[in-house]
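Q: One structure, pasted below without further comment.
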Amino acid sequence: MNAIPNLNKEPARVEKTRKEPFPISILSLTVGAFAIGMTEFVIMGILPNVAKDLQVSISTAGQLITMYALGVAVGAPILTILTQRIPQKKLLCLLMVLFILGNGISVFAPNYTVLMVARIITALTHGTFFGVGAVIASNLVKPNRRAGAVSIMMAGLTIANIIGVPLGTFIGQNMGWRASFAAIAVMGVAALIGILIFIPKIKQDKPASVIQQISALANPKLLLFLLIGALGNASLFTVFTYIAPLLMEVTGFAEHSVTWILVLFGCGVTIGNIVGGKLADWKLMPSIVGLYFAVSVILTIFSFTMHSPVAAVITIFFWGLVSFAVMPGLQIRIMSLAQAAPALASTTSHSAGNLGNATGAFIGGWVISHLAITSLPWVGAVLVGLGLVLGIACYVAERKEKVA
């Protein structure tokens, strides 16, 4: 695995010299992230079509989403360890081939079981691609631009929510759900070609042993940051999983309006991802703590603005912006805490995030059943508030260590 030198060092100031543009090779990673984002989220828009065609209930079809998340959470770190000796460019190519295969099987899946297997195969590529891709992206630029490079790659995931998922849903509803997965497979081919052409062969240091990599993950501070990330994702999905019924039942929007509100949310997500990368390159820990504070404040505000259509839409835009602005910085921080295993650490952060997603969706369902759907925003604020407390504690401890 590539060692990432000096990731712990935050640049004291941004140089005022003209910055070089990010290398075009990073955009090939962005295309891959876009395709993966489509395959993860498009199933939500075509779930009724899948359930009807395969003759299963909506709740049963929903397990395709759950198993995908578990595939990322459990399978990705294992796959990263097993493939540690494969050159990173070659590994990315193999992952995209597996991604194309999984979506290809989905196109021709004759029954629910085969589709479930195809989804799990695809899920295995998710975390490992982002883990290895983040390491490659950060090594293609200067040390003080690493978070920005990672945010450019991650922008593919967020753009998928604005363009890819609505497009994939439209294709699935008008041409059949199998056509959605066929379109995603084509995007996978485009990403594979881009990786082959544009990603350079990066000289790698001798990879650390499996025991050394696992030991690197046992760093208490690293585990704490994985928990902080999981709490942030849990907060997001506690509310986001049920945003459509909340907007329709509480705010009073029609069903067709919800789609456009989610597109606006996605725009906020994309802007936040880019801005968050720049903030993390400027001041890493202060940006993480500050953004978690902003999320908790905005969700608290949403508890009141969700009753007003205009105020709710404005709040949702800024919620998407700050929720995803924190992710590039968290990714860089987690990789910096596992110098012996940066790719495994990055992959594990996605695993922790997906566990947070699943936990948040469960908590949100419990809140609706036992409290009320209007309680979702403040419960989300409490969850991200817990992450904020942990983040502040880490920041204070680190400052004391530097003084000492």
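Q: Looking at 72, 50, 132, 141, which one is modelled with pLDDT under 80 and buried (at least 18 other Cβ atoms within 10 Å of the Cβ)?
A: The match here is 141.
Q: Same structure, new question: Return the pair list, or none, for Cβ contacts closer than 7 Å from residues in region 95-114 that are on the phi > 0 side of the Ramachandran plot to residues that are open to solvent by 50 Å² or more (accessible area, probe 1.4 Å), at least 6 apart or on different chains.
A: none
Q: Find the residue count for region 358-384, including only residues that are in contact with a helix residue (DSSP H, G or I) (Cβ under 7 Å, 6 or more places away or on another chain) and either open to solvent by 20 Å² or more (accessible area, probe 1.4 Å) or among the hydrophobic types (A, V, I, L, M, F, W, C) (or both).
A: Number of matching residues: 13.
Q: Is it fair to say residue 390 is surrounded by fewer than 24 Cβ atoms within 10 Å (Cβ to Cβ), within 18 Å of residue 226 (Cα to Cα), at pLDDT 85 or above and in contact with a Leu (Cβ under 8 Å, 6 or more places away or on another chain)?
A: Taking the combined requirement at face value, the residue satisfies it.
Q: Of all residues being in contact (Cβ under 8 Å) with a residue 60 or more places away in the chain and hydrophobic (A, V, I, L, M, F, W, C) in region 241-263, which is nearest to residue 391 (Cα to Cα)? Just the residue, please.
A: Result: 243.
Q: Something else now. Of all residues in region 160-194, count the ones that are surrounded by fewer than 22 Cβ atoms within 10 Å (Cβ to Cβ) and under 24 Å from residue 277 (Cα atoms).
A: 3
Q: Suppose we filter region 286-316 for residues that are open to solvent by less than 40 Å² (accessible area, probe 1.4 Å), in contact (Cβ under 8 Å) with a residue 40 or more places away in the chain and among the β-branched types (Val, Ile, Thr); how many remain?
A: Of the residues in that region, 5 qualify.
Q: Turning to a different aspect of this structure: In region 228-259, which residues are under 21 Å from the mean Cα position of the chain (by Cα), over 21 Å from residue 367 (Cβ atoms) and among the hydrophobic types (A, V, I, L, M, F, W, C)?
A: Of the residues in region 228-259, the ones under 21 Å from the mean Cα position of the chain (by Cα) are 228-244, 259.
Next, only the ones that are over 21 Å from residue 367 (Cβ atoms) stay: 228-229, 259.
Residue satisfying the conditions is 228 alone.
Q: Whether any residue in region 186-204 is charged (D, E, K, R), under 27 Å from residue 99 (Cα atoms) and at pLDDT below 85 is what I want to check.
A: yes
Q: Quick one: is residue 246 open to solvent by less than 30 Å² (accessible area, probe 1.4 Å) and closer than 26 Å to residue 66 by Cβ?
A: Values: open to solvent by less than 30 Å² (accessible area, probe 1.4 Å): yes; closer than 26 Å to residue 66 by Cβ: yes.
When the stated conditions are applied, residue 246 passes them.
Q: Of these, 228, 271, which one is touching a residue at least 40 places away in the same chain (Cβ under 8 Å), open to solvent by 30 Å² or more (accessible area, probe 1.4 Å), under 23 Å from residue 149 (Cβ atoms) and touching a Leu at 6+ places or on another chain (Cβ under 7 Å)?
A: On the way: 228 fails: open to solvent by 30 Å² or more (accessible area, probe 1.4 Å).
None of the other options fit; the residue is 271.
The values are calculated or read from the model by the stated rules, or taken from the named source; none is laboratory data. The shown structure was predicted, so the numbers you read here are calculated from the model rather than taken from an experiment. Ideal geometry is used to build each Cβ from the backbone, glycine not excepted, and the neighbour counts take in all protein chains shown. Areas reflect the complete protein model, heavy atoms only, side chains present, ligands, DNA and RNA absent. Shrake-Rupley method; radii C 1.70, N 1.55, O 1.52, S 1.80 Å.
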